[in-house]
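Since every read-out is calculated from the coordinates, none of them should be taken as a lab result. What you see is a predicted model; the values in this text were computed from it and never measured. Neighbour counts run over all protein chains shown; Cβ positions are idealised from the backbone, glycine included.
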Amino acid sequence: MAGAVPRRRLTPADAASGFDVAFAGPPDEPDVRRLLAETPLGGSIGLAFTREPDAFDADFGLAERHAFVVARERTSGRLVGLAERLVLEARVGGRIRLLPHLGALRLAPSARGRISILRRGFALLRSLDRPDECPFALTSVTADNDAALRLLTRGLPGLPTYRPIGDFSTFALRSRCDRRARAAVVPLGPNDLGELARFLDAASSARPFAFVWREAKLRLLLADGLAPEDVLVLRRNGAIAGAVVVWDQRARRRTVVARLPIGLRLFRPVAALAAPLLDLPRPPHDGDVLAQATLTALALADEADADGFETLLAAGVDRAREKGLDVAVLGVPTAHPWRAMIRARRRGIEYRTRLHLAHWPEGRDAVAALGNAIAFPETGLL
């Protein structure tokens, strides 16, 4: 876990609540993983986003700071609440800033409706704010998780303000062969890493909330199992004009199908037969760990370059197939032209999340100063 977290004393109000809320330490780690596995996100398809084998290492070393807040039922000792805070380098207001990200907000069924747990958890998260960080945090909520959206955006006392900043579309695309696209790109060469980092930095400079892919961060992924063949580079006149990283995160982060709609369960054999014909991903079973690659760090020198975008997308999908993965996942802002390009050329499954900036009163002016630019966070780190 990156960065140290302060301890907090138990107040009389805490003692009367029946729950202990605190920063997670190594003894809590197995229970953090358990709660993530047991509390899928709501919506038409229940997906559990797990952290295996160590929740504290699930940031791949990319976070500057990383902490979990947990809530335990005092009588049973069972962990019933969870939130995660990551601090990443990102583009904010035209500058490189340390941007907190809030995620993995979970409550076990026995703790649902316990607003006091949320208040105490957010108070602990607030205590981690530092002067060198943005005075707000980026967070996302599944668009069809109506209960969570209503709760977090009601303006309840003791909770931060959630300001919506746009929708984010994540596409699940069936992996397939595309030799022509693969022939147009080359894998990362042994001396290309510095050039790639400079290209990604320039290409993302105008993207609000884009992750800063420094050379050292890319080296971390390569040392952690990412192969040079997973980094695809598009060159024109000898210079990098585009790039995409095909990232299999299952060594630390997994997406597990916890609950399928009853209609899909009943007609799954038919859907499985139709999927190849419709160019859609194979329908999973309950309990499946999705075999997917995240197409991350996708960038072009000219974002309006439709041919370059299609080449990188097709090459990334082909690389996912070559790695034996069923699905390639790519996220883009819903309002960005790339979404329309994907929908025009592919038959993928689109999932929507609502992006918000969570802030306390002292962050209100900083949020207002950002305007209404299209938020472009990194898919693999949301």
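Quick notes
- Applying the criteria of a DSSP loop state and at most 16 other Cβ atoms within 10 Å to the chymotrypsin sites (Phe, Trp or Tyr not before Pro) of the stretch 157-208 yields no site.
- In degrees, nearest ten, helix 29-38 long axis to first principal axis of the chain (Cα): 70
- Efficiency of FRET between residue 364 and residue 78 - r from beta-carbon atoms, R0 25 angstrom, step 0.05: 0.10
- Kirkwood-Stokes translational diffusion coefficient of the stretch 172-352, alpha-carbon pairs, 10 °C, 1.306 mPa s, µm²/s: 92
- A full extension of the chain between residue 323 and residue 352 corresponds to an added length of 7.8 nm, given 0.36 nm per residue minus the alpha carbon distance.
- Largest mean-square fluctuation among 33, 112, 339, in a Gaussian network model of the chain whose springs join Cα atoms under 10 Å apart, belongs to 112.
- Axis of helix 115-127 versus longest Cα principal axis of the chain: the two differ by about 70°, to the nearest ten degrees.
- Applying 0.36 nm per residue to the separation of residue 133 and residue 147 and subtracting their alpha-carbon distance, the gain on full extension is 2.1 nm.
- Ranked for footprinting exposure by Cβ neighbours inside 10 Å, fewest first, 273, 36 give 273, 36.
- The simple Förster model, with R0 at 22 Å and r as the Cβ-Cβ distance, assigns residue 278 and residue 340 a FRET efficiency of 0.65.
- Taking the C-alpha atoms only, the angle from helix 193-203 to the longest principal axis of the chain is near 70 degrees.
- Two-site FRET efficiency, residue 20 against residue 54, from Cβ-Cβ distance with R₀ of 25 Å, rounded to 0.05: 0.65
- Residue 219 versus residue 110: modelled label distance in nm, points set 7 Å from Cα along the beta carbon direction: 4.7
- The slack between residue 307 and residue 288, meaning 0.36 nm per residue of separation minus the straight C-alpha distance, is 3.4 nm.
- If you take the Cα centroid of the stretch 247-300 and the Cα centroid of the stretch 305-371, the two points sit 17 Å apart.
- Residues 240, 45, sorted so that the one with the fewest Cβ neighbours within 10 Å comes first: 45, 240
- Option label - semi-axes √(5λ) of the Cα gyration tensor in Å computed here, alternatives [x] 35, 25, 19; [y] 39, 27, 18; [z] 29, 28, 22: [x]
- Most fluctuating residue given options 46, 121, 242, as computed from a GNM of the chain linking Cα atoms under 10 Å: 46
- For 381, 298, order by how many other beta-carbon atoms lie within 10 Å, fewest first: 381, 298
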